[in-house]
1. Looking only at strands (runs of 3 or more DSSP E) that lie completely in the range 1-106, which have at least 3 residues being among the β-branched types (V, I, T)?
2. Can you confirm whether the range 43-54 contains a residue that is over 16 Å from the mean Cα position of the chain (by Cα) and more than 24 Å from F179 (Cα to Cα)?
3. Just wondering, is there one or more residues in the range 100-111 that are in contact (Cβ under 8 Å) with a residue 24 or more places away in the chain, under 20 Å from F35 (Cα atoms), polar (S, T, N, Q) and surrounded by 17 or more Cβ atoms within 10 Å (Cβ to Cβ)?
4. I'd like to check something: does the range 33-44 contain any residue that is exposed (fewer than 13 other Cβ atoms within 10 Å of the Cβ) and at pLDDT 80 or above?
5. Does A44 satisfy being among the small types (G, A, S) and within 23 Å of K119 (Cβ to Cβ)?
6. Looking at the range 116-127, which of its residues are without any contact (Cβ under 8 Å) to a residue 40 or more places away in the chain and either in a helix (DSSP H, G or I) or of a type in the set (K, R) (or both)?
7. For residues that are free of Cβ contacts under 8 Å to residues at least 40 places away in the same chain and surrounded by 20 or more Cβ atoms within 10 Å (Cβ to Cβ), scanning just the range 128-187, find the one that is farthest from R54 (Cα to Cα).
8. Could you go through the range 47-59 and let me know if any residue there is over 18 Å from H136 (Cβ atoms), surrounded by 15 or more Cβ atoms within 10 Å (Cβ to Cβ) and modelled with pLDDT of 95 or more.
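The values are calculated or read from the model by the stated rules, or taken from the named source; none is laboratory data. As the structure is a prediction and not an experimental result, all values here were calculated from the model. No Cβ is skipped: glycine too gets one built from the backbone with ideal geometry, and neighbour counts run over all protein chains shown.
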Amino acid sequence: MWKIYKWIAITAFSLILLDLAVVVFFGAYRPKIKFADAIVVLGAAINTPALYNRSLQGLKLYQEGDAKIMVLSGGRISDKDISEAGYMRKVIEANSKQPVPLILEEESHSTYDNLKNTKAKIGSGKSLVIVSDEYHLARAVIMAKREGFGPVYWSSPKASYYKNSELAFYYLRELVAMFAYVPKFIMG
């Protein structure tokens, strides 16, 4: 009996380490971005440094010529708020001297929805640059590949707007989210 528990503990610990390695790799590694069909900026709570900085990072990539359009993806948290995509549009318009071609995807409430709804807006098989926070990139990139996008590049703003304790919390939260997404990674 003890051997079974030991095997289960070793397996669980190994899976957690593998999960952590994947999340950290995507956060630390930056692929060289070749021109993509779209830059997809993933939502976060409105009026937060995360969403503001993701929006600016997406705009920076667009201005550097990394894609011809931007998809801003994120719905409403409540009926009283604007959508995350609407908030991102305001940030981009306030920080760009030239008009930026934007597609707003305002129905999403999860990373899964972000990529599924983006696919409905622009079609599958497109190349993407995904913009999100470092800790969130692995799940987003894997989901984008699962939805049929490719090649998929990724980028994130510097995480200087987080305290170390907040960043640690988000990395731990992401480890749990990665496990929760395994069925979506496998079956869509």
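1. Numbers: elements: 38-42, 70-73, 102-105.
By residue number, 38-42.
2. Among the residues of the range 43-54, at least one is over 16 Å from the mean Cα position of the chain (by Cα) and more than 24 Å from F179 (Cα to Cα), which makes the answer yes.
3. Narrowing the range 100-111 to residues in contact (Cβ under 8 Å) with a residue 24 or more places away in the chain: 100-109, 111.
Subset that is under 20 Å from F35 (Cα atoms): 100-103.
Add one more test, that the residue is polar (S, T, N, Q), and what stays is none.
Taking every residue of the range 100-111 in turn, none turns out to be in contact (Cβ under 8 Å) with a residue 24 or more places away in the chain, under 20 Å from F35 (Cα atoms), polar (S, T, N, Q) and surrounded by 17 or more Cβ atoms within 10 Å (Cβ to Cβ).
4. Pass one, the range 33-44, residues exposed (fewer than 13 other Cβ atoms within 10 Å of the Cβ): 34-35.
Retained after the next criterion (residues that are at pLDDT 80 or above): 34-35.
There is at least one residue in the range 33-44 that is exposed (fewer than 13 other Cβ atoms within 10 Å of the Cβ) and at pLDDT 80 or above.
5. Numbers: among the small types (G, A, S): yes; within 23 Å of K119 (Cβ to Cβ): yes.
The answer is yes for A44.
6. K116, K119, A120
7. Going through the qualifying residues, I end up with F149.
8. Checked against the condition, which is being over 18 Å from H136 (Cβ atoms), surrounded by 15 or more Cβ atoms within 10 Å (Cβ to Cβ) and modelled with pLDDT of 95 or more, the range 47-59 yields at least one hit.
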